Amino acid sequence: MKLVKLTLFLLLTNLNLHGQGIMERIKLTADDTKAERFDRIAIDLKTDQWLNAPNSVKTQPYSIGVSAFVYKDIPLNKKSNIAFAFGIGLTSDNIHHTGVFKTSSNNPENKSYTSLIPYNKKYKINKITFNYIEVPLELRFRTMNNSMKERKRFNFRFYPGFKVGYLMGNHRKLTDDISKIKVYRIPNTLAYRYGPTLRIGFNKISFIAFYSLTSIFEKGKGDELNTFSLGLSWIRF
């Protein structure tokens, strides 16, 4: 919740700073000789899952995460139907699962290793959260209707991209009928991640996808758990 509050504060601050002349900068028709800029704020609601998780451990479909980004949209032609964009934002991954993380050093190299094993006791909540600050890049393809009326009715977007993230913090939460346990800084977690993204949709709503090319753990120090996310995005301005 702290990350969500911080994200909303940053977005509202950005809107307040630019709200005075926002309509002057955002063209309402595509007939102008100047290139238009679009989709400079994006808020994503997604489900987060793991690939390569042990068969004995399941991730839950209600693993809901959230992202918020501010973009710099750079049109590559006057019609503005092709553009490049980069930005910065915050992402929170929340994965509900049926396992527990165990860190041990029972190996020939005597190195610390974190593994995901089944958790067989009853619980109400069992999840792990990762919070990242991220820099996304997108190559943007979009239709550009000539009138505002047509644009409201149909405006297709296809935005393949890539993003890099730095881990600000993580924790796991386990709640049962008796107690609530919250553990911060899971051992051997990787401090960064990167991977391809996709945003495709119409008007303000888009389908989004992300696949992390890195595991949540350092190589050789934990199970190979790659995160992928699917969801919906609301984009404006």
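The values are calculated or read from the model by the stated rules, or taken from the named source; none is laboratory data. Keep in mind it's a predicted model, so treat the numbers as computed, not measured. Reconstructed Cβ throughout: ideal geometry from the backbone, glycine too, with neighbour counts over all protein chains shown.
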Val164 of a type in the set (A, V, I, L, M, F, W, C), touching a residue at least 12 places away in the same chain (Cβ under 8 Å) and over 24 Å from Pro136 (Cβ atoms): no
Which numbered condition Thr143 fails, given (1) at pLDDT below 95; (2) out of contact with any Pro (no Cβ under 7 Å at 6 or more places or on another chain); (3) β-branched (Val, Ile, Thr); (4) more than 30 Å from Lys34 (Cβ to Cβ): (4)
Single unsatisfied condition, Glu36 versus (1) crowded, with 18+ Cβ neighbours inside 10 Å; (2) part of a loop (DSSP other than H, G, I, E, B); (3) modelled with pLDDT of 85 or more: (3)
Residue check for Leu230: loosely packed, with under 15 Cβ neighbours inside 10 Å and modelled with pLDDT of 90 or more: yes
Failed criterion for Val57 (all others in (1) within 23 Å of Ser229 (Cβ to Cβ); (2) assigned to a strand (DSSP E or B) hold): (2)
Those strands (runs of 3 or more DSSP E) lying entirely in the range 151-216 with at least 3 residues at pLDDT 90 or above and in contact with a Ser or Thr (Cβ under 7 Å, 6 or more places away or on another chain): 156-175, 192-202, 205-215
Which listed residue, of Ile200, Ile208, is closer than 23 Å to Glu36 by Cβ and surrounded by fewer than 16 Cβ atoms within 10 Å (Cβ to Cβ): Ile200
Residue check for Asn77: at pLDDT below 90, out of contact with any helix residue (DSSP H, G or I) (no Cβ under 9 Å at 6 or more places or on another chain), exposed (fewer than 13 other Cβ atoms within 10 Å of the Cβ) and over 25 Å from Leu139 (Cβ atoms): no
